[in-house]
Amino acid sequence: MEEVLNVIKDKTLTYQQKVIGLARIAENSINVLSIREDIEEYRQEGIICDLYEGNAPYRPRYIVPNYEKFMAKGSEFLGLKPPTDIWEAINNLLILYKHVPSITSFPVYIGNIDTLLEPFVTDEKEARKAISFFLTHIDRTLTDSFCHANIGPLETTAGKIILEVEKELQNAVPNITLKYSDETADAFAIQAIDTALVTAKPSFANHEIYTKDLGNYAVVSCYNGLPIGGGSHTLVRLNLAKLAEKTTEIETFLKVILPDAIEKMVTYMDERIRFLVEESEFFQTNFLVKEGLINLENFTSMFGIFGLAEGVNHLIQPQNQKEKFGHGDVANDLGMKIIKNIYEIVNQHKANYCNASGGKYLLHAQVGTDFDHGISPGCRIPIGDEPEIHEHLLQSAKFHQFFPAGIGDVFKFDKTTKNNPKYILDIIKGAFTIGMRYFSLYCTHSDVVRITGYLVKRSDMEKLESGEQVLHDTVVLGLGSVKNQKVLDRRLRKDE
Amino acid sequence: MNKGFINRILPFSSVDGPGNRTAIFLQGCNFNCLYCHNPETINICNHCGKCLEVCKMDALSIVEGKVKWAKDNCNHCHRCIKLCKYNSSPRVFEASVEEIMAVLKKNKVFISGITVSGGECTLQIPFLVELFKEVKKLDLTIFVDTNGSIPLWNEGEFVTLADQFMVDLKSIDAQEHKSLTGSDFNIIVDNIKYLSKLNKLHEVRTVIVPNLLNNRRNVEETSLLVASLNPLIKYKLIKYRGLGVREGLINDSSPTEEDMNKLEKIAKDNGCEDVQII
C-alpha cells in the first residue's frame with residue numbers, strides 16, 4: 001500500500017485532505033462494479049472518464065438539497081428547529097452543509113443564499129456582520145471551490161449585502177451564480193458585475209432557459225444545472241479529442257465510432273447508478289432522503305463531453321487559423337453535427353432512476369480537469385484560438401441549447417471595463433438573447449481567477465507550487481490546469 | 001449613394017459612451033492636435049503608394065491608381081501607418097449605410113447603441129444623417145463624439161437624430177487652443193451651450209498635458225462652464241499618454257496621479273458632480 005504511505009507523507013496536503021485522500025484509496029481498493037472489457041479499455045485510454053468518482057459509488061456525485069424546506073422545517077436528525085433570526089439561520093445552514101455528501105465530501109450546492117437569508121434581514125448592519133461571518137466560515141471550512149451558492153433573480157437586501165461582502169473578502173469559496181432574468185434589476189446586475197471584476201464571481205445564469213429545461217433548478221459545482229431537491233447520481237465524460245484519433249474519416253467517426261462510444265459510456269453510467277441506488281444503501285438510509293430534503297424522483301445523471309474543438313480539428317486537419325474550430329464554417333458545422341448526433345443518441349437511451357429528466361441522461365459540457373493536456377472544455381474554442389468577442393459569442397451560443405446540465409464560457413476583461421460595467425451587462429443581455437446559458441467573467445488583475453468552472457487564488461497556486469500546504473483542495477486542480485490548459489492566457493477582452 | 005470614409009469599426013467598445021457601443025471612427029479631421037494619439041485619422045489617403053513598400057503581408061496594392069487594402073491578408077503590424085507622412089492610413093475604406101447597417105444588425109442584441117467618432121465625424125454630416133435614420137429603426141441610441149468645431153445649430157436634422165454628444169474642450173484660452181489644435185475654440189463653447197440647452201450634452205473632456213498646457217486654468221474655467229449648464233454633465237479629465245503620438249511634436253510625460261486628483265478636486269469644488277479621471 002505504497003499509495004497510502006505517499007498520502008500520509010505528502011507535505012503539501014493538509015490533515016483533512018489526507019483523510020479524504022485515504023478514504024478514496026480505500027474505496028478504490030475494491031471492485032464492485034461489473035464493467036465490460038471493452039468499456040474498461042476506453043476507461044484506461046481516458047476516452048471514458050468518471051473524474052475521481054471512485055470504484056464504489058456510495059453517495060450521489062451532486063446533491064442539491066431543498067434548503068427552503070430545511071429552513072421551514074428544521075431537521076429532526078440534526079436536532080435543529082426552524083430559525084427565528086439571522087444568527088440561527090446561518091448557524092443551521094452551516095451545520096447542514098457539513099452533512100451534505102459529494103465526491104469531494106464538501107457540498108456542491110449551498111442554496112439560494114440571498115432568498116434563504118432575506119426573511120431574517122431586519123437590521124442591515126447586523127445582517128452584514130452575520131453574512132460576513134457566514135461567508136468567511138464557508139470559505140475556511142468548505143475548502144473546495146466546487147461549493148456553489150446561488151443568488152437572484154430578484155434584487156434583495158441580503159443579495160446586495162452578499163455581493164458587497166464578497167467584493168471585500170475576495171474568497172475563492174463559495175462559487176456564486178446570479179440567476180439572471182428580465183426581472184433582475186439592472187442596478188443589481190451591475191453590482192454583480194462590479195463584484196465579479198474584483199473577485200471573479202458571480203457568474204450569470206440564463207434563468208429563463210434553465211427554468212424551461214429543468215423547472216426548479218440550481219446551478220451547482222462548476223456550472224451544472226440540476227433540479228432542486230435532487231441532483232445527479234454521476235457525471236461521466238467522453239473525451240472527443242481522444243475518440244476522434246481513432247479515425248481520420250469523418251463519416252466513420254459519426255456513423256461507427258461515436259455511437260459505439262456513447263453505447264459504452266451509457267452502459268457504464270447505468271452500472272454506476274445501479275450500484276448507488278440499489279446496493280449502496282444511500283437512498284435507503286440517509287437523513288436527507290428520509291426528511292425529504294432530497295428525493296430520488298428528482299435525480300438525473302450527466303453525460304459529459306469535452307474536447308470537441310480538438311476532435312473536430314483532428315478530423316478536418318485545418319491548414320490555418322481560419323479553418324479551425326471556432327473560425328471556419330466547415331469546422332463549426334462538423335462540431336454542430338457531432339453534438340446533434342450525441343444529443344439524439346443519448347436521448348434514445350432509457351436511463352434508470354433519472355425521472356427528473358424523463359428517464360434520460362442530460363448532456364453536460366464538461367470543463368476538463370487538471371490532467372487534460374491541451375484538450376479544451378466542452379464545446380469551448382481553445383485558449384489561444386479565441387476570436388473577437390462578438391464572433392465568439394455568436395459561435396459558442398449555438399451549442400448551449402443541447403446542454404441543460406451545464407455549458408458556459410469564461411471571458412477575461414480588461415480593468416478599464418470597471419469604469420463601465422454596463423458594457424458587460426449589455427454583452428450578457430445579448431448573449432442570453434441568442435440562447436447562451438451561462439456567462440462567467442473576471443478581470444485580468446484579480447487574485448481570484450476562474451480556472452475552468454471553479455475559482456482559485458493565484459496567490460494560493462504560487463504557495464502550492466513552492467511546496468506549501470494550502471487550505472483549498474481545488475488549488476491542486478487549478479495549478480494543473482494553469483500548466484496544462486493555459487487557463488491564465490485567455491484572450492483579454494478589451495475593445496474589439 | 002452617399003458613402004462615408006471610415007477608418008475603423010469597433011463592434012464592441014467600453015470607452016465610447018455608456019454601455020457597450022459599436023464605435024464607428026470616421027476618417028478626416030480639421031484639427032491637427034499636437035498630442036493626437038491617432039494621427040493616421042487626420043487626412044484622406046492621397047494614394048501615393050509608399051506604404052506598399054513596407055507591407056510584408058501582401059495586404060496592399062494599387063488598383064486604378066488607388067491604394068487598396070486586403071483586410072484578410074493584414075496582420076495589423078501597423079508598419080504602413082507608421083510610415084505614412086501624410087497622417088493617413090491605407091486601411092481607410094468607403095462604406096455605404098447598408099454596409100454599416102449589416103455590421104450593426106449582426107451585433108444589435110449586444111449593444112446599447114452606436115457612437116460615431118473620428119477623426120472628426122461632423123465633417124461627414126450628410127452621410128451620418130442617412131446612417132442615423134437607419135440606426136433609429138433598430139431602436140439603438142446614437143452618440144456623437146466631436147471636437148465641436150462645426151456650428152451644430154445649423155445642422156438641425158443631424159442634431160435631432162443624435163441622442164447625445166461628447167465634446168472635447170481642449171483649452172479655454174484662444175491662443176493656447178490655436179497653438180495646440182491649429183483652430184479657434186469659440187464655436188466649441190457655443191456648441192457646448194447649445195447642446196446643453198437641448199439636454200444632449202453627455203460629456204465634456206479635457207486632456208491634461210503637464211508642461212504644454214495651463215491645465216489648472218483649463219479645468220477651472222471648463223468645470224465652471226459645465227457646472228453652470230448642468231452639474232450632472234459628465235466631465236472627463238484625460239491623462240495625456242505618449243502612445244501613438246507623433247515624434248518631435250510634443251516632449252512631455254503623463255501627469256501624476258496627484259496632479260489629476262488636484263484637478264478633479266477643482267472641478268468638483270466648482271460644482272461638477274460627475275467628474276471622472278481617465
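Some points to look at:
- Student exercise, the protein assembly as shown dipole from Lys, Arg, Asp, Glu Cβ charges, in Debye to nearest 20: 1000
- Overall form of chain B per C-alpha gyration tensor (a/c, 1.5; a/b vs b/c): oblate
- Projecting label points 7 angstrom from Cα along Cα→Cβ for B:N32 and B:E53 puts them 2.2 nm apart.
- Amide H partners (placed H, <5 Å) of B:F165, local residues excluded: B:V144, B:L201, B:H202, B:E203
- Which of B:G244, B:P210, B:T222, positive extreme of dipole for the stretch B:166-265 (C-beta unit charges): B:T222
- Computed log₁₀ I(q)/I(0) - Debye formula, equal Cα scatterers, no solvent, the stretch B:140-232, q 0.13, 0.24 Å⁻¹: -0.42, -1.27
- Apportionment of accessible area to carbon and sulfur, the protein assembly as shown, percent (1.4 Å): 50
- Neighbourhood charge, 12 Å Cβ-Cβ cut-off, centred on B:K68 and excluding it, Lys, Arg +1 and Asp, Glu -1: 0
- Cβ-Cβ distance of A:E27 and A:H373, R₀ of 25 Å, FRET efficiency by 1/(1 + (r/R0)^6): the value works out to about 0.40.
- Residue-normalised accessible area of chain A, given per residue in Å² at a 1.4 Å probe: 38
- P(r) tail for the stretch B:219-278: Cα pairs beyond 16 Å make up 47% of the total.
- The length gained by stretching the chain between B:N251 and B:N75 to full extension, at 0.36 nm per residue less their Cα-Cα distance, is 60.3 nm.
- Under the span-like rule (Cα at least 15 Å along the axis, Kyte-Doolittle mean at least 0.0), DSSP H helices of chain B: B:97-107, B:125-137, B:186-197
- Under the simplified labelling scheme, the A:S466-B:I62 pair shows an inter-label distance of 6.2 nm, with each label point 7 Å from Cα along Cα→Cβ.
- Charge dipole (debye, nearest 20) of chain B; +1 at Cβ of Lys and Arg, -1 at Cβ of Asp and Glu: 600
- Helix content alone sets the calculated 222 nm mean residue ellipticity of the protein assembly as shown: runs of n ≥ 4 DSSP H residues at -39500 (n - 2.57) each, divided across all residues, give -11000 deg cm²/dmol.
- Cut-off 13 Å between beta-carbons: net charge of the residues surrounding A:E281, Lys and Arg +1, Asp and Glu -1: 0
- Model label points for B:E157 and B:Q276, set 7 angstrom from Cα along the Cα-to-Cβ axis, are 3.2 nm apart.
- The GluC sites (Glu not before Pro) found in the stretch A:206-288 that occupy coil by DSSP, while having at most 12 further C-beta atoms within 10 Å, are A:E249, A:E281.
- Loop-located trypsin sites (Lys or Arg not before Pro) in the stretch A:320-426 (DSSP state not H, G, I, E or B) with no more than 15 neighbouring Cβ atoms inside 10 Å: A:K350.
- Solvent-free Debye scattering, log10 I(q)/I(0), computed from the Cα coordinates of the protein assembly as shown at q = 0.06, 0.07, 0.10, 0.11 Å⁻¹: -0.45, -0.60, -1.08, -1.22
- Chain pair A, B: total accessible area buried, heavy atoms, 1.4 Å probe, Å²: 1600
- Residue pairs, from the table A:K412/A:K483; A:K201/A:K422; A:K179/A:K457; A:K246/A:K398; B:K239/B:K262; A:K398/B:K105, whose Cα atoms sit over 22 Å apart: A:K179/A:K457; A:K246/A:K398
- Rounded to the nearest 20 debye, the dipole magnitude of the stretch B:159-215 is 100 debye, with +1 charges on Lys and Arg beta carbons, -1 on Asp and Glu beta carbons, and the Cα centre as origin.
- Note on A:K125/A:K98: beta-carbon distance plugged into 1/(1 + (r/R0)^6) with R0 of 30 Å gives a FRET efficiency of 0.60.
- Set of the stretch A:381-409 residues, backbone N closer than 16 Å to the point 7 Å along the Cα-Cβ line of A:D333: none
- Note on A:427-437: average number of Cβ atoms from other chains within 10 Å of each residue's Cβ is 3.
- Cβ-Cβ FRET estimate between B:K106 and A:D414, R0 fixed at 30 Å, reported to 0.05: 0.85
- Cleavage-rule hits, GluC sites (Glu not before Pro), the stretch B:32-138, DSSP coil, Cβ neighbours within 10 Å at most 15: B:E64
- Taking the Cα atoms of the stretch A:185-268, the ratio Rg/Rh between the radius of gyration and the Kirkwood radius comes to 1.15.
The values are calculated or read from the model by the stated rules, or taken from the named source; none is laboratory data. Because the structure is predicted, anything quoted here is derived from the model rather than measured. Backbone-built Cβ (ideal geometry, glycine too); neighbour counts: all protein chains shown. Accessible surface areas use protein heavy atoms only, side chains included; no ligands, DNA or RNA. Shrake-Rupley method; radii C 1.70, N 1.55, O 1.52, S 1.80 Å.
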